[in-house]
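For reference, the structure is listed below as structure tokens.
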Amino acid sequence: MKRLSILLVAVALGAGAVGWFSKGLSWNAERRVQAEAADRDLAERLARDATGRVSGFIDGIRLMMQAISTVTPVREFDHRPCTELLLAVRQGLPPQMVLGVSRGDGWLICSTAGTPERLVNVGRRSFFAQTYQQNEFFVSEWEAATQILRGGTLHFGQPIRSPAGTPIGVHGGAVGVTLLVDLLRPMALPQRAQIMLVDRLGNIVIHVRGDGIPAQDGGIPPAEPLRAVLPPFPMAAEPGQSGEGSPRLSRLTGAEGQPNMTVATTYVPGTKGALRLLVLVAAETVPGSGAAVVR
């Protein structure tokens, strides 16, 4: 009888332990679902905020360059008044931005740096050739730093058109990528979040980490798992299919199969897919190294 009582007590304790264990598993699973949902919300919010900041900045550049390209000294490629105009415009520009005007043969006529006429030819540069060929505002790719612009550069082109609408020259602009980093600083990224801006060639333009220190990897592609979730260039041409400005969420998993990062990807509006954004939000507990993509 005594043995039976002990057995019954043991069974009861075992059942209780199983019950508590099951509740623990359920609680952990629920907590994980909640944590992943919070990561998705954070990644999406950061992506929308960052794309809005970059898109608004580029839209401002586009409107300014469109206006400048219609002014008579610019359309007539008149060196002296064109230079005077751009030097006056420079007073209202950030230090990490330069503007220039080139004829259809690529020769630079004037710039905010006061460049002498026909000293520099930009005819083979991507921003010039593509703007002239496409006859529309163009967002170029990351380029190495210049003497004026630090940390690498991003170029833009606006066609200068004849009265008939054909291109006769290019109004070019360039910004140091440190200026783009400054756009994102007010976001105060959480420690476990990162933002990458990627150009049309698939290379990093800027990489801002949660500690506020930009990573020095401009001009190189992101790691393979991130390239796998990066939206393609060129983006879909069908209306409503491009996903421009609408973040797409993905999960990256570690070697043990546990999700260790949420990634939000999107095209930056107003760039025709030339700029794409990646927001990375690391899980609070990251398993071992190695990663595979989960869509």
Does segment 92-113 include one or more residues that are within 24 Å of Pro269 (Cβ to Cβ), touching a residue at least 24 places away in the same chain (Cβ under 8 Å) and open to solvent by 40 Å² or more (accessible area, probe 1.4 Å)?
-> yes
Hey, any hits in segment 162-172 for a residue that's in contact with a Pro (Cβ under 6 Å, 6 or more places away or on another chain), surrounded by fewer than 20 Cβ atoms within 10 Å (Cβ to Cβ) and of a type outside the set (Phe, Trp, Tyr)?
-> yes
Hey, any hits in segment 203-213 for a residue that's of a type in the set (D, E, K, R), in contact with a Gly (Cβ under 8 Å, 6 or more places away or on another chain), surrounded by fewer than 16 Cβ atoms within 10 Å (Cβ to Cβ) and at negative phi?
-> no
Report yes if some residue within segment 177-194 is β-branched (Val, Ile, Thr), crowded, with 20+ Cβ neighbours inside 10 Å and at pLDDT 95 or above; otherwise report no.
-> no
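One line per residue, one yes/no per condition, for (1) surrounded by fewer than 18 Cβ atoms within 10 Å (Cβ to Cβ); (2) at pLDDT 80 or above:
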site: Gly218; (1), (2): no, yes
site: Pro222; (1), (2): no, yes
site: Val229; (1), (2): no, yes
site: Phe233; (1), (2): yes, yes
site: Gln241; (1), (2): yes, no
site: Ser246; (1), (2): yes, yes
site: Gln258; (1), (2): yes, no
site: Thr262; (1), (2): no, yes
Which residues, taken from segment 133-159, are at pLDDT below 95, open to solvent by 60 Å² or more (accessible area, probe 1.4 Å) and of a type in the set (D, E, K, R)?
-> Arg150
Tally, over segment 67-91, of residues that are open to solvent by 60 Å² or more (accessible area, probe 1.4 Å), closer than 14 Å to Ile168 by Cβ and under 31 Å from the mean Cα position of the chain (by Cα) | 1
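The values are calculated or read from the model by the stated rules, or taken from the named source; none is laboratory data. Predicted model only: the values in this text are computed from it and were never measured. Glycine gets a Cβ as well: all are built from the backbone with ideal geometry, and neighbour counts include every protein chain shown. Side chains included, ligands, DNA and RNA excluded: accessible areas come from the protein's heavy atoms. Shrake-Rupley method; radii C 1.70, N 1.55, O 1.52, S 1.80 Å.
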